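Chemist: Pasting in a structure now, in structure tokens, and then I'll have a few things to ask.
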Amino acid sequence: MAKGGKRLTDKSSLGQKPLAGKRTQQKGLIIPQEDKGSPFITFSFKYFGQQDFFGIGEQDATWFANLFDRIKDLSGKTKAIIENPTERDAYRLHPIDWGARNCPITIAELSSVPQSIKDNAENDFFWQFQLSKGTGRVVGFFNEDSTIFYIVLLDPKHNIQPSKDYGYSVDETKEAITEYERIQMCIAETLKEFAKTCSDKKNCPLSRLNIEYLRSGVFYACIDPELKEKYKELIESGDFQESFENFLISQL
């Protein structure tokens, strides 16, 4: 795409007919011949979340490779898979049985799903498919025309439908955190430690700062007057955030 929104054209190909099986240009889009027709299923993480029994903090790269490979595989399927019992069985694709023995969660407890969706969800609204027999399940729901699957939970421990083979047990999981969340936790713990050294426990400003920080997710700090000009310089240059993040990461 050239500047100004103009599409670049290869003049050497003008007037030539597209070859069979090759990509053709249609309505401004490059579409492989084999991808025409019924739309393939796509996946969205818009309503994804982690919660008790459905954390992914203990999963390694191999597990995520399996996840992406399965999503890639299903991205080559159309909504016709829903009506095909053989294919559905191959992927263990079926509605969630919320009344299953020891199921550790209800529709109402899906924390990442908007209430408006949960209020209108029938018992067979949410579905699952497997990564493989030993690597867990993916839980979510289809849009109205069954072309988008919204991933709601990742279930590496098979907790959504406890298995008879394992005594219907439900296993604890650990939630993964982002680098930003890890830095937040580090700052919060540091504030707690500093607060212990305050002589006036009741009125300690660090204690109040820690409470405010944990409540709002925002960290407030004072700087020495002699650093004021340096701070102002960093802010005006746009380098402050990067410098501050690098400093925090270096302290971990």
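Chemist: Suppose each label sits 7 Å from its Cα in the direction of the beta carbon; what would the Glu226-Lys72 distance come out to in nanometres?
Modeler: Placing both labels 7 Å beyond Cα along the Cβ direction yields 5.7 nm.
Chemist: Further, regarding this structure: How much FRET efficiency would the formula 1/(1 + (r/R0)^6) give for Glu193 and Lys133, where r is the Cβ-Cβ distance and R0 is 41 Å, rounded to 0.05?
Modeler: Once rounded, the FRET efficiency stands at 0.30.
Chemist: Which entries of Lys46/Lys118; Lys46/Lys77; Lys46/Lys174; Lys79/Lys157 have Cα-Cα distances beyond 25 Å here?
Modeler: Beyond 25 Å between Cα atoms: Lys79/Lys157.
Chemist: So which aspartates and glutamates can Lys192 reach, going by Cα to Cα under 16 Å and dropping same-chain residues fewer than 8 places off?
Modeler: Qualifying aspartates and glutamates at Cα under 16 Å: Asp200, Glu212.
Chemist: Aspartates and glutamates within cross-link reach of Lys230: Cα-Cα under 14 Å, excluding same-chain residues under 8 positions apart?
Modeler: List returned: Asp239.
Chemist: Taking the Cβ of Leu234 as the center, what net charge do the other residues with Cβ under 14 Å away carry, scoring Lys and Arg +1 and Asp and Glu -1?
Modeler: Taking every Cβ under 14 Å from that of Leu234, the sum is -3.
Chemist: Need the list of aspartates and glutamates near Lys164 for cross-linking: C-alpha distance under 16 angstrom, and skip anything on the same chain fewer than eight residues off.
Modeler: Partners found: Asp97.
Readers should treat all values here as calculations from the given coordinates under stated rules, not as data from a laboratory. This structure is a prediction, so every number in the text was calculated from the model and none was measured. Counting neighbours? That spans all protein chains shown, and the Cβs are built from the backbone with ideal geometry, glycine included.
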